[in-house]
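Down below is the structure, laid out as structure tokens.
The values are calculated or read from the model by the stated rules, or taken from the named source; none is laboratory data. What you see is a predicted model, and the numbers here were worked out from it, not measured in a lab. We place every Cβ from the backbone using ideal geometry, glycine too, and count neighbours over all the protein chains shown. Ligands, DNA and RNA are excluded from the accessible area calculation, which covers all protein heavy atoms including side chains. Shrake-Rupley method; radii C 1.70, N 1.55, O 1.52, S 1.80 Å.
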Amino acid sequence: GTEKVLYTLPADFKNCWLHEPRPLLARPREPVIADKTDWSQPDGVFFLENVYAGRQMAGVERGSIKRLLVLESLPKPINFTGGMDPLSYVGTFTLPRVLGSVPVEPDGSAHFRAPALRPIFFVALDGRGRSVKRMQSFTQLMPGERQGCTGCHEPRTSAPFPYASAGMVAAARRAPSTLDAAGLAFDVPDFPRHVQPVLDRHCVRCHNPDDRKGGVDLCSDRGPMFSMGYYTLAAWGQITDGRNLARSNYAPYALGSGGSPLMAKIDGGHHDVKLPPEDLAAVALWLDASAPYPGTYAALGCGSIGGYQKNLQVLNNDKEWPTTRGAQ
């Protein structure tokens, strides 16, 4: 036949797979690129050529994206169960920190400094501060590094656009922007601290344990792991954050503040409930910052035990508690 065995694992390698074997051919060594890392620098520079270039951007009007929200995913010290609880209810596994935002030029370009050696991701915001597209992975800068991209989730094989006739993009003609954190409601999102007070002011009078209009309870009473308000928003599908789903390439206005039904409800779409701008901004930022429950990884060891089926180190989990059954 045309097949030939190149290598097999030794017999004593039990329950072990050989992943991605790559036979090597003799070839000249590739050119070695000099290291341009400057360890004296605390940051680096990102350059975005065109935010409107990429997959699933059809229908997004040129000039409609005004800013990039820049966040970092905070290192997680431990994960007890393999699940995301109690950081979220079937959502994010890690906590983000909001670093600030930077302007996007009318032609879709951006140019800004960001801290080095941090896992960073972006959310493209429109003029109302709503999420148009949300990055579901992360990137990173080395100290002093300059890193550029053609667009937002553009095909990997695409090349930069030819600008010989049009000239350089607008952001390339100026110095890089600095991250602007002015006016942000928080840096690390915390539902009980930043969102529950908004629900208390505007929602709980109609959605509480004694008057569950629509069968909804948005109060701050604690369940076994989450508050009733948080549990209800997640269980009733009011948060669209990508969840723990094996998919990507979402359409515009599908995730975060741009796609969560909660935003429409608190912005005049639910019995004329219209929150003031500062409360709208706090909820929108929380949604764009992955919509977690606690604002600290200390919650992993604060006594929240959870009902995760693999949580075998806890003999008495909450699955059969009357409070759990009542919440369900």
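Side notes on the structure shown:
- Of all residue pairs spaced 6 or more apart or on separate chains, those with beta-carbon atoms under 6 Å, a first member in region 274-298 that is without any contact (Cβ under 8 Å) to a residue 60 or more places away in the chain and a second member that is assigned to a loop (DSSP other than H, G, I, E, B) and open to solvent by 10 Å² or more (accessible area, probe 1.4 Å) are Lys274/Gly268.
- Taken as a whole, the condition of being open to solvent by less than 40 Å² (accessible area, probe 1.4 Å) and of a type in the set (S, T, N, Q) does not apply to Ser248.
- Whichever residue in region 182-200 is among the aliphatic types (A, V, I, L, M) and surrounded by 13 or more Cβ atoms within 10 Å (Cβ to Cβ) and, among such residues, is nearest to Leu95 (Cα to Cα): Val188
- Qualifying residue in region 212-227 (condition: among the small types (Gly, Ala, Ser), without any contact (Cβ under 8 Å) to a residue 12 or more places away in the chain and on the phi < 0 side of the Ramachandran plot): no
- Of all residues in region 201-225, those being open to solvent by less than 30 Å² (accessible area, probe 1.4 Å) and either closer than 22 Å to Leu71 by Cβ or polar (S, T, N, Q) (or both) number 1.
- Condition check for Ser109: touching a residue at least 24 places away in the same chain (Cβ under 8 Å), out of contact with any strand residue (DSSP E or B) (no Cβ under 9 Å at 6 or more places or on another chain), among the hydroxyl-bearing types (Ser, Thr, Tyr) and open to solvent by less than 20 Å² (accessible area, probe 1.4 Å): no
- Residue within region 75-97 that is open to solvent by 10 Å² or more (accessible area, probe 1.4 Å), at pLDDT 95 or above and touching a Phe, Trp or Tyr at 6+ places or on another chain (Cβ under 6 Å) present: no
- Residue ID - most open to solvent (accessible area, probe 1.4 Å), chosen from residues in region 32-74 that are hydrophobic (A, V, I, L, M, F, W, C) and farther than 29 Å from Ala170 by Cβ: Trp39
- Breaking point among (1) within 19 Å of the chain's Cα centre (by Cα); (2) part of a loop (DSSP other than H, G, I, E, B), for Arg205: (1)
- When Gly151, Gly167, Gly183 are screened for being at pLDDT below 95, in a loop (DSSP other than H, G, I, E, B) and touching a Leu at 6+ places or on another chain (Cβ under 8 Å), only Gly151 passes.
- Among the residues making up region 42-52, those that are in a loop (DSSP other than H, G, I, E, B) and under 18 Å from Thr139 (Cα atoms) are Pro42, Glu49, Asn50, Val51.
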